[in-house]
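One structure is given here, and the rest of the page talks about it.
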Amino acid sequence: MSHYEKAWQAVKTRIAEAAAKAGRDPASIALTAVSKTFPAAAVREVHALGQRAFGENYVQEGAAKRAELRDLAGLDWRLIGPLQSNKTAAAAAAFDTVETVDRLRIAERLAAARAAAGVPLDVLVQVNISAEATKSGVAPEAATELACGVAALPGLRLRGFMGIAAPDADRATQRRQFARLRACRDAARERGLALDVLSMGMSADFEDAIAEGSTEVRIGSAIFGARGSHA
């Protein structure tokens with residue numbers, strides 16, 4: 001059994017255990033393997049285990065891996081890093097989902113870039129649930145209005161919300177931050193939006209995110225190892 005296989009299976013087990021503890025079906029929680037900074041060869045190995053969704057932080061890196069791995073079936077590429085306006089066209093072409101829409105202008109540019117494809121681009125609205133000045137994301141109190149604006153755009157399919165808890169916060173604080181994102185989802189549903197994705201939880205905190213209703217966890221180091229370990 002390879003290193004990646006052991007790590008991937010261990011993460012799947014932890015997801016199942018966290019789901020059971022929360023009284024949830026493990027199948028309701030998707031796993032995105034965060035492959036940023038790791039080579040295409042690592043993605044190929046993890047894909048062989050059955051993993052299909054991979055998260056990248058940078059448009060150019062993700063596009064290069066997509067091109068190199070075009071022979072693999074079923075890959076689902078997700079942009080999970082901040083998106084600049086001048087990269088929207090490239091992002092719309094290279095990714096199946098953009099999880100970091102935090103202002104309407106970005107969504108409008110993605111919609112315009114995707115219009116010719118004929119296949120909607122899945123998007124999530126990123127919410128700054130930790131209120132950190134260094135974090136991207138719309139403020140929670142503005143999330144519903146942004147979501148409504150994004151949902152009205154052609155070429156996009158709004159699926160839900162994404163958020164990142166403060167990494168140095170205690171568990172109780174992180175739980176409250178995850179609950180804040182769930183509240184954003186619930187408020188948007190009350191406005192008539194059919195949303196099914198809550199992307200929250202990473203290697204260090206995904207069990208608590210699952211307890212608060214996460215439907216997608218983004219796991220990097222627990223699968224691939226520490227950044228730079230492949231060098």
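Please verify whether THR88 is assigned to a loop (DSSP other than H, G, I, E, B) and in contact (Cβ under 8 Å) with a residue 12 or more places away in the chain, treating the condition exactly as stated. Here the answer is no, as THR88 does not meet what is asked. Quick check on LEU158: is it under 18 Å from the mean Cα position of the chain (by Cα) and within 23 Å of ARG114 (Cα to Cα)? Criteria met by LEU158.
Where strands (runs of 3 or more DSSP E) fall entirely within the stretch 151-231, those with at least 1 residues that are in contact with a Pro (Cβ under 8 Å, 6 or more places away or on another chain) and not hydrophobic (A, V, I, L, M, F, W, C) are at 156-163. Under the condition of being over 20 Å from ARG78 (Cβ atoms), free of Cβ contacts under 8 Å to residues at least 60 places away in the same chain and of a type outside the set (Gly, Ala, Ser), the residues counted in the stretch 194-231 number 2. All conditions in (1) surrounded by fewer than 18 Cβ atoms within 10 Å (Cβ to Cβ); (2) in a helix (DSSP H, G or I) hold for PRO82, with the sole exception of (2).
Just one of the numbered conditions (1) within 28 Å of VAL11 (Cα to Cα); (2) surrounded by fewer than 21 Cβ atoms within 10 Å (Cβ to Cβ) is not true of GLN174: (2).
Please verify whether ALA113 is in contact with a helix residue (DSSP H, G or I) (Cβ under 6 Å, 6 or more places away or on another chain), at pLDDT below 95, aliphatic (A, V, I, L, M) and surrounded by 16 or more Cβ atoms within 10 Å (Cβ to Cβ), treating the condition exactly as stated. The answer is yes for ALA113.
Applying the selection to the stretch 193-209, what residues are in contact with a helix residue (DSSP H, G or I) (Cβ under 7 Å, 6 or more places away or on another chain) and hydroxyl-bearing (Ser, Thr, Tyr)? Matches in the stretch 193-209: SER203 only.
Kindly indicate whether VAL43 is β-branched (Val, Ile, Thr), touching a helix residue (DSSP H, G or I) at 6+ places or on another chain (Cβ under 7 Å) and surrounded by fewer than 20 Cβ atoms within 10 Å (Cβ to Cβ). Judged against the criteria, VAL43 is not a match.
The values are calculated or read from the model by the stated rules, or taken from the named source; none is laboratory data. What you see is a predicted model, and the numbers here were worked out from it, not measured in a lab. With ideal geometry, Cβ positions are generated from the backbone for all residues, glycine too; neighbour counts draw on all protein chains shown.
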